Amino acid sequence: MRFLVISDAHHLRNDGKLVAYAPYVKEMNLWFSKVDEVQIIAPTRYNKPLLTQPFDLQDIQVTSLRRLEFHRISMAVVSLLTMPYQLVVLCFAFAKADHIHLRCPGNLALLSCLVQILFPRKKKTVKYAGNWDPQARQPMAYRWQKLILSNTFLSKNITVLAYGNYVNQTKNIKPFFTASYYEKDKEPIVKRGYTGELNALFVGTLSENKRPLKVVQIVEDLRNEGVPVTLDIYGNGPLFESLNDYVKKNKLNPFIHLHGNQPLSSVTQAYKKAHFAFLLSRSEGWPKAVAEPMFWGCIPIATAVSCVPWMLTGDDNQTRGILIKELSNASEIIKEYLNRTNKLDEMSNNAANWSRQYTLDKFDYEIEKLL
């Protein structure tokens, strides 16, 4: 099988090896293990720090296309001028492929969504890694991708893997998940106590979308109100320096620590001991920063974005985390839960039981069915 991947993710050469963003590589290794040939069409230049790892399969044909960007007039002009060439490259690659796999959302992905209309007989899958919530406010390019992919007249012979289970979806939309751990990784859950010292985590990119400063301020408020909580921050990004400056300026160093990017093994050890994990994003797909701590009984504190409400309550109405609807009263909500330690113990168990359904073993099996 000739497997074609279209992605906006940057694919780079490092010490002679093909590398990309580590969580993406971990998933794609499973897809690639089941096919004969792989071609990837993606951008291949990036001059910022990126947490990467090499693909298991290195015999991959990589076709470089520039990232389409429209944030500035000059970038928009260049993108429009290169678009005809990109359309030709995509059409030739689609014609040769046995299975087409689109990674959405993204501008190159949007172009691919249009091209796939011309190939109704080709078998296709789409991994929509963004927020599929029909009610979400999103950029126009994202909305167009969702409209095209949901239209069964325009998008034929295609399965769209979307995070969350929403009503009134077309038959080609399949609720899906992602995973970080195997069945063999499961260990007994450590029973926490919630009456003494508490530890919270933030894991993710330090960007405006993730609102790490708000996490720091909530922990700062809790400390000021007498709650003995510490915060460990794992990740890097454009806000790292300003966040570090805020912590130093306000003398929060004794209980807030920035660790930068760390391997999953280190973060996992932190999950096993921590009481809570924050995710206050404005937009998400399948948030691993919720699912991963849940796997270890660490209770997520998260905003009601994308499929997060379904993850924390689902169809069974079990409480698996603390849902924050208004950031202005987040610390008060957390303090209310800290007065109900039995409820927190139950929440921790519920979180682990739910998350442990979604292992890499199951993910691998579902991919095999799709191919």
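The values are calculated or read from the model by the stated rules, or taken from the named source; none is laboratory data. Everything numeric in this text was worked out from a predicted model, so none of it was measured. Methodologically, a virtual Cβ is constructed for each residue, glycine included, from the backbone with ideal geometry; neighbour enumeration extends over all protein chains shown. Heads up: the accessible areas ignore ligands, DNA and RNA and are worked out on the full protein's heavy atoms, side chains in. Shrake-Rupley method; radii C 1.70, N 1.55, O 1.52, S 1.80 Å.
Return yes or no: is residue 227 in contact with a strand residue (DSSP E or B) (Cβ under 6 Å, 6 or more places away or on another chain), closer than 17 Å to residue 299 by Cβ and of a type in the set (Val, Ile, Thr)? So residue 227 does not fit the description; no.
Restricting the range 1-17 to residues that are over 12 Å from residue 108 (Cα atoms) and buried (at least 24 other Cβ atoms within 10 Å of the Cβ) leaves a set whose member that is nearest to the chain's Cα centre (by Cα) is 11.
Yes or no: residue 241 more than 20 Å from residue 290 (Cβ to Cβ), in contact (Cβ under 8 Å) with a residue 40 or more places away in the chain and open to solvent by 30 Å² or more (accessible area, probe 1.4 Å)? Considered against the rule, which asks whether it is more than 20 Å from residue 290 (Cβ to Cβ), in contact (Cβ under 8 Å) with a residue 40 or more places away in the chain and open to solvent by 30 Å² or more (accessible area, probe 1.4 Å), residue 241 comes out as no. Within the range 255-273, which residues are open to solvent by 60 Å² or more (accessible area, probe 1.4 Å), within 13 Å of residue 232 (Cβ to Cβ) and outside any strand (DSSP E or B)? Those that are open to solvent by 60 Å² or more (accessible area, probe 1.4 Å), within 13 Å of residue 232 (Cβ to Cβ) and outside any strand (DSSP E or B): 262, 269, 273.
Within the range 207-238, the set of residues being part of a loop (DSSP other than H, G, I, E, B), open to solvent by 70 Å² or more (accessible area, probe 1.4 Å) and without any contact (Cβ under 8 Å) to a residue 40 or more places away in the chain comprises 238 only.
When 281, 306, 328, 355 are checked against the criterion of being closer than 22 Å to residue 256 by Cβ and touching a residue at least 40 places away in the same chain (Cβ under 8 Å), 281 stands alone in meeting it.
Name the single residue that is farthest from residue 203 (Cα to Cα) among those in the range 35-56 being open to solvent by 60 Å² or more (accessible area, probe 1.4 Å), in contact with a helix residue (DSSP H, G or I) (Cβ under 8 Å, 6 or more places away or on another chain) and in a loop (DSSP other than H, G, I, E, B). Applying the filter and picking the extreme gives 56. Considering each residue of the range 112-134 in turn, at least one proves to be among the aromatic types (Phe, Trp, Tyr), under 28 Å from residue 284 (Cα atoms) and at pLDDT 90 or above. Taking the range 70-169 and the helices (runs of 4 or more DSSP H) fully enclosed by it, the elements with 2 or more residues that are without any contact (Cβ under 8 Å) to a residue 60 or more places away in the chain and open to solvent by 60 Å² or more (accessible area, probe 1.4 Å) are at 73-96, 140-150.
When you scan the range 26-36, do you find a residue that is more than 22 Å from residue 128 (Cβ to Cβ) and charged (D, E, K, R), even just one? Yes: one or more hits. If you check residue 191 against the conditions, is it under 30 Å from residue 219 (Cβ atoms), open to solvent by 50 Å² or more (accessible area, probe 1.4 Å), outside any strand (DSSP E or B) and of a type in the set (Lys, Arg)? It is true that residue 191 is under 30 Å from residue 219 (Cβ atoms), open to solvent by 50 Å² or more (accessible area, probe 1.4 Å), outside any strand (DSSP E or B) and of a type in the set (Lys, Arg). Please determine whether any residue of the range 192-201 is touching a Lys or Arg at 6+ places or on another chain (Cβ under 7 Å) and at pLDDT 95 or above. Scanning the range 192-201 turns up at least one residue that is touching a Lys or Arg at 6+ places or on another chain (Cβ under 7 Å) and at pLDDT 95 or above.
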